[in-house]
Amino acid sequence: MANPDSSSSSGRERRRHERAQAEWPISISLDGGMREAKIRDVSRSGVCFFLDRPIEEMTLLEIAFELPERTDPIKGRGAVVRCERISNMLEHFEIAVFLTDMPDPDREAIEKYVSEWKGC
């Protein structure tokens with residue numbers, strides 16, 4: 001499977017938006033209940049997190065997490081675009097979600113965080 005961070009044959013980055021690494025808790029509304037996971041990275045258009053169970057691609061879910069120095073949580077909806085087992089030895093999965101529905105102020109807050117993180 002191709003690495004989503006890799007360049008295309010033309011040498012351009014495939015991702016549309018810059019990402020920042022993160023290690024925050026995230027709440028996922030799934031199967032009528034809430035699950036807690038840990039974010040790996042975040043961008044204006046998506047979030048990647050670790051979870052102890054797989055989620056089928058194209059599953060729609062709701063997410064909520066807090067950004068540093070922000071009082072209200074970031075909330076949105078998205079579709080799972082990737083789910084990969086981290087290791088054959090662990091029941092943990094890396095799950096990427098494309099954010100399909102999120103208020104503009106929340107997207108802008110994420111973009112600001114990513115921009116500041118890149119400047120560190």
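All of (1) more than 11 Å from the chain's Cα centre (by Cα); (2) touching a residue at least 40 places away in the same chain (Cβ under 8 Å) hold for M34 with one exception: (2). Within segment 73-120, the set of residues being surrounded by 15 or more Cβ atoms within 10 Å (Cβ to Cβ) and assigned to a helix (DSSP H, G or I) comprises D106, R107, A109, I110, E111, Y113, V114, W117.
Reported count of residues in segment 15-72, each being under 23 Å from K112 (Cα atoms), aliphatic (A, V, I, L, M) and part of a loop (DSSP other than H, G, I, E, B), is 2. Filtered by the rule that a residue be surrounded by fewer than 15 Cβ atoms within 10 Å (Cβ to Cβ) and at pLDDT 95 or above, segment 39-59 gives E56, E57, M58.
The values are calculated or read from the model by the stated rules, or taken from the named source; none is laboratory data. These numbers were taken from a predicted model, which means no experiment stands behind them. Ideal geometry is used to build each Cβ from the backbone, glycine not excepted, and the neighbour counts take in all protein chains shown.
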